[in-house]
Amino acid sequence: MRQHALKRRWIPVVVIATLAMAGVGYAALSPPDYSPYVSREIAPSDSKDGQLRVRYMGVTTLLFDDGANALIVDGFFSRPGLGSLSLRKISPDHARIEEALNRGHVASLHAVLVAHSHHDHAMDAPIVAGMKDADLVGSSSVAMMASGYPGKKPRMTVVRGGETLRYGPYKVTVFKSPHAPCALHVGNIGKPVRPPVRSSAYQGGDNFSYLVEHEGRRILVHPSANARPGMYQGVKADVVLLGIGTLGWRDKAFIDGYWENVVIATEASLVVPIHWDDFTKTAGTSFPPAPFLLGDFRGGMHALDDRARNTSVRVLLPSFFKPMDLLEHAR
């Protein structure tokens, strides 16, 4: 068991070393040029009381806020670097968390909705939920992880898929969803996590998508680039916030199935790609796209654009940390 754990721990280091020796390390670790995509960012929209605004805060962290009631998905802000993920132990960065919450004007939260328990989704969630006295919603792995964290313990709501949760004007439906094909950290968390720990302590556990309904409008957060046929049968959404992390690596059949089972199935008119930025870089005025080692941003965008062409579906990119009226663009 110990030897197996050590092998998993060193996989990222071996991958990086192999790429470097093959002479492709620089390209694999360099972010693609984002400038051609800037014009496709959704313009910020001033918040108005009672009207829903969404802020994209990187990876799959999304703030839903109507001026009086707010939810957040994941709440990941620490963003440890690639060296730390590969060679050292990681832990939540409280200063970065507080800075991001202030930057996003997060005064209070009803809940923190966690996609799954990998570090780039769940690592900061117990801290955010505790700071804002919010429910922490996620799998049994998220609950086990959070039980080892020091400080204030958030209220925990363990979900398995199929639940309907209500927070003020929000109705949240939980869908169990397959994680994107992934070779790292795919098990469940079986013991409390006490940071600092290796990134491998954040095993993925079960993965969820969330349909957020507000005043009759529906926004689906589908964080991980995979889908089960029929999982959204009978489910409609105005907007899909669609994880594209490693989508560009996949073949045509996989991408066709993903588009069909999420976008076409829900009849969404607006797709906003998420989980494409480099989660090893800290937040500035924007986030660089992930290098090819961590995902294929250009390939993922090309895949979406190909399938949206000659349809009524629009594919737009989120602005960073700014309030967006997604529903206006879905009309």
Next item on the list: Of the numbered conditions (1) surrounded by fewer than 23 Cβ atoms within 10 Å (Cβ to Cβ); (2) at pLDDT 95 or above; (3) of a type outside the set (Ser, Thr, Tyr), Met123 fails exactly one; give the number of that condition.
Entry: (1)
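Listed here are the residues, each with its yes/no results for (1) of a type in the set (Val, Ile, Thr); (2) closer than 27 Å to Gly50 by Cα.
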site	(1), (2)
Gly162	no, no
Ser177	no, no
Lys191	no, no
Pro223	no, yes
Val239	yes, yes
Margin query: Residue under question is Thr173, and the condition is that it be under 21 Å from Asp65 (Cα atoms), among the β-branched types (Val, Ile, Thr) and open to solvent by 50 Å² or more (accessible area, probe 1.4 Å); does it hold?
Written below: no
Next item on the list: Return yes or no: is Ser141 touching a residue at least 12 places away in the same chain (Cβ under 8 Å), small (Gly, Ala, Ser) and either in contact with a strand residue (DSSP E or B) (Cβ under 6 Å, 6 or more places away or on another chain) or closer than 28 Å to Tyr258 by Cβ (or both)?
Entry: yes
Next item on the list: Determine if region 278-293 includes at least one residue that is buried (at least 18 other Cβ atoms within 10 Å of the Cβ) and part of a helix (DSSP H, G or I).
Entry: no
Notebook entry, point to check: What do you reckon, is Val128 β-branched (Val, Ile, Thr), open to solvent by less than 20 Å² (accessible area, probe 1.4 Å) and either at pLDDT 95 or above or part of a loop (DSSP other than H, G, I, E, B) (or both)?
Noted result: yes
Note to self: Going through Arg96, Arg88 one at a time, which residue ends up being of a type in the set (Lys, Arg) and modelled with pLDDT under 95?
What the structure shows: Arg88
Next item on the list: Identify the residue in region 229-277 that is buried (at least 23 other Cβ atoms within 10 Å of the Cβ) and among the hydroxyl-bearing types (Ser, Thr, Tyr) and, among all such residues, is farthest from Ser319 (Cα to Cα).
Entry: Tyr232
Checklist line | Some residue of region 46-69 being at pLDDT 90 or above, under 21 Å from the mean Cα position of the chain (by Cα) and open to solvent by 70 Å² or more (accessible area, probe 1.4 Å) | finding: no
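The values are calculated or read from the model by the stated rules, or taken from the named source; none is laboratory data. The structure presented is a predicted model; accordingly, all values stated were derived computationally and were not measured. FYI the Cβ positions are ideal-geometry reconstructions off the backbone, even for glycines, and counts take in every protein chain you see. For accessibility, only protein heavy atoms count, side chains too; no ligands or nucleic acids. Shrake-Rupley method; radii C 1.70, N 1.55, O 1.52, S 1.80 Å.
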